[in-house]
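The values are calculated or read from the model by the stated rules, or taken from the named source; none is laboratory data. This one's a predicted model, so the numbers in the text were calculated from it and none came from an experiment. Positions of Cβ are generated from backbone atoms using ideal geometry, with glycine treated the same way; all protein chains shown enter the neighbour counts.
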Amino acid sequence: MGLSPRLVMADAKGNVVDEPGLLMVCRRGAQWGLPRPDELIPLPEESELFLLPGRRAVGLDPESGAMEAVDGFAVAAFAAPAHTLSAHPAYVTEEGAPLLPLFAYGAVGFARGRFWVCARKVDDDPRQQFRHIRPGRIERGAEALLRDYPKNRLIRHIIDNCVRRYACPAARNFALGRYEAPLPSARACNARCVGCISARSADSPVAVTPQCRLAFTPTPEELAEVMAVHAGREKATPIYSFGQGCEGDPLTNADLLVESVRLFRGAGDPARWTGHGTVNCNTNASRPEAVARLAEAGLTSLRVSLNSARPELYHRYYRPTDYTFADVAESVRTARRHGVFVALNLLYFPGITDTEAELAALAQFVGENGVSMIEWRNLNIDPEWYRELMTGSSGGVPAEVSGEGAASMGLAAFMKRLRKLCPWLRYGYFNPWLGDRAEIAAPLPGEWRMPAPAGNDGD
């Protein structure tokens, strides 16, 4: 017997209930309909449910096949890390409804005594699971770091802001001495992202950002010390990452990054490096010359943030101030030529990302530039606002369930077809540990050609 989750809604006090007479409806851009059989999973542990103010939940009457808006508020799921949402909740937005905060909003329903969400687990790495961490262990680790390194301002920033104020998973792992350590370094940014999580531009309708921007610039010595401290505690698979949510883009301060990596690695022949592990940079990849210098200093991997491989959609979201999409592509090619492992931090948005046009553009970008991995992340933004920015339309409410329209192929089919076009691609959610230097299977720039069309594999 197939799974048919019921509509989930909430009252003004936040009480979440299901509606027995209506089925869960999800949305992928302009398409509204029942969840696909392959995209429903039990709501993962450490996920959250959000009440969506000013938005009436919409369900499906199974007898009439018509959509119905109820009096209760719509409810969305924010899936735990390692999961990618494949559909948004369906709702009617009332006049005067506030803009939703910068989170990801997944379609959620209720059946068989539990919540179900439209999502896919894309990574088995447990690095951002904390439910089994003993109470007080993170704080004890934080106190020890502050005690042992009282003069390092960056360590204090990571502890006081990232751990204690924002509960940042990377910062908590640094306090625990495991997995990936954050290296915030840049106060400035050369993009004005619509959904920036650390700084609000003057023309943005976003009232509050989830985080605040780094308020000082650390020294190379402070950054190198953070790397050395983490290397001394995480001895198996240490990762060190520039480019965090509490800063601008790290490549705007390339000299600082190059010097800190050189200090950690030890200048000279890579065979005699003193600092070991995967040095990664999360970036908008706006400056190819900075990427080349970082690679020569000892960078292992580059994670490039991308909402779309189509230049027009990229520019609408990132709003770059001194670079273009062509510079992003050149940075990726530069990294690949220098032996740097390149991952795309793909900000997946159901109904816009999972389309034929995006598949063709993304496969071409991946193949021609030498990308090794896709990290399947969701874009944290009000779904209707983003869709209007990208397409000029927020869409209406259909009277009946839509069929398998041409606009959205779904996350599962999109992933399958992309890998068929680019079979070397690695999929995941987190920055991988690659040792000091990665083994790279991705073709060098100029070596790849788009395969001939073989038809739609479906889901």
Test result for Gly392, crowded, with 24+ Cβ neighbours inside 10 Å, on the phi > 0 side of the Ramachandran plot and in the same structural domain as Pro210 (by TED's automatic domain parsing): no
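Could you run through the range 263-279 and say how many residues are surrounded by fewer than 24 Cβ atoms within 10 Å (Cβ to Cβ) and part of a loop (DSSP other than H, G, I, E, B)? Even if it seems obvious, please write down each step before you answer.
Taking the range 263-279 first, the residues surrounded by fewer than 24 Cβ atoms within 10 Å (Cβ to Cβ) are 263, 265-276, 278.
If we keep only those that are part of a loop (DSSP other than H, G, I, E, B) as well, we get 266-269, 273-276.
Number satisfying all stated conditions: 8.
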Pairs, please: C-beta under 8 Å, at least 6 apart or cross-chain, first residue free of Cβ contacts under 8 Å to residues at least 24 places away in the same chain and in the range 228-253, second assigned to a strand (DSSP E or B) and surrounded by 22 or more Cβ atoms within 10 Å (Cβ to Cβ)? none
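Does the range 177-196 hold any residues that are closer than 28 Å to Arg137 by Cα and assigned to a loop (DSSP other than H, G, I, E, B), and which are they? Spell out how you get there, then give the answer.
From the range 177-196, those closer than 28 Å to Arg137 by Cα are 177-185; that's our starting set.
Gly177, Arg178, Tyr179, Pro184, Ser185, listed by residue number.
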Residue selected from the range 204-237 under the condition assigned to a helix (DSSP H, G or I) and within 25 Å of the chain's Cα centre (by Cα), by the criterion nearest to Ala188 (Cα to Cα): Leu223
Search the range 280-294 for residues being in contact (Cβ under 8 Å) with a residue 60 or more places away in the chain and not in a loop (DSSP other than H, G, I, E, B), and hand back the single one that is farthest from Val328 (Cα to Cα). Asn280
Residues being over 21 Å from Pro44 (Cα atoms) and among the polar types (S, T, N, Q) - total across the range 109-157: 1
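Which of the strands (runs of 3 or more DSSP E) found entirely inside the range 12-105 contain at least 2 residues meeting this: free of Cβ contacts under 8 Å to residues at least 60 places away in the same chain? Before you say what the answer is, go through the steps one by one.
Values: elements: 16-24, 26-28, 31-33, 40-42, 48-60, 67-78, 83-85, 91-93.
So the answer is 16-24, 48-60, 67-78.
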In the range 358-389, which residues are closer than 20 Å to Lys420 by Cα and either modelled with pLDDT under 95 or of a type in the set (S, T, N, Q) (or both)? Gln364, Asn369, Ser372
